[in-house]
Amino acid sequence: MQIALYQPDIPQNTGTILRLCACLGLAAHIIEPAGFAVSDRQFRRAGMDYLDHLAWRRHDSWSAFEDWRAAQGHRLLLFTTKAATSYLDFSYKADDILLLGRESAGVPDTVAEVADARLRIPLRPGLRSLNVAMAAAMAAGEALRQVGHFVQLQSEGA
């Protein structure tokens, strides 16, 4: 399982998501341009020393990420408030990539159209969206539960 962040805006959210990935053993991808430099103090502070325990990759552009993904053959699952399918009603695979959009704008239609599935986290009526780090945690939690990842972590003594 992997998490990809499309042009993230907020270094603290990105650092938090990368820390989540490190703790759960997920690979992570940052699709540039980001709204901050990877050397940003707030990004490093949010990720803390967990960034040293993480397999992560930066992609210079959406097309570079898509070229990499096509070569690897991974399914791309977009989490968006515009989706009709609940993330709870979807069957995940261990090699899926969970894609989250920019905090300020989500993803453009051209990116959404490429996704193999578009999924939403149900919210109370009248409320727009969750913080992207919270959405990443919920999405990863359900996907990893379905594929038995937590059972594996428990057996490893984590």
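Summary table below
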item: Test: residue in the range 94-109 that is among the basic types (Lys, Arg) and within 22 Å of Leu20 (Cα to Cα); result: yes
item: Residue in the range 25-63 that is surrounded by the most Cβ atoms within 10 Å (Cβ to Cβ), counting only those that are aliphatic (A, V, I, L, M), at pLDDT below 85 and not in a loop (DSSP other than H, G, I, E, B); result: Ala46
item: Answer residue from the range 110-133, given it is of a type in the set (D, E, K, R) and either part of a loop (DSSP other than H, G, I, E, B) or at pLDDT below 95 (or both) and is surrounded by the most Cβ atoms within 10 Å (Cβ to Cβ) among those; result: Asp116
item: All positions within the range 91-109 that are hydrophobic (A, V, I, L, M, F, W, C), surrounded by 16 or more Cβ atoms within 10 Å (Cβ to Cβ) and either in contact with a Gly (Cβ under 6 Å, 6 or more places away or on another chain) or assigned to a loop (DSSP other than H, G, I, E, B) (or both); result: Val107
item: The range 86-105, residues that are among the small types (Gly, Ala, Ser), modelled with pLDDT of 95 or more and out of contact with any strand residue (DSSP E or B) (no Cβ under 8 Å at 6 or more places or on another chain); result: Ser91, Ala94
item: Yes/no for Ala83 being out of contact with any helix residue (DSSP H, G or I) (no Cβ under 7 Å at 6 or more places or on another chain), without any contact (Cβ under 8 Å) to a residue 12 or more places away in the chain and not in a strand (DSSP E or B); result: no
item: Which listed residue is aliphatic (A, V, I, L, M) and either closer than 25 Å to Arg128 by Cα or in contact with a Gly (Cβ under 7 Å, 6 or more places away or on another chain) (or both), from Ala64, Ala34, Ala28; result: Ala34
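The values are calculated or read from the model by the stated rules, or taken from the named source; none is laboratory data. Quick caveat: nothing in here was measured; it's all calculated off a predicted structure. Because the Cβ atoms are built from the backbone with ideal geometry, glycine has one as well, and the counts that use them run over all protein chains shown.
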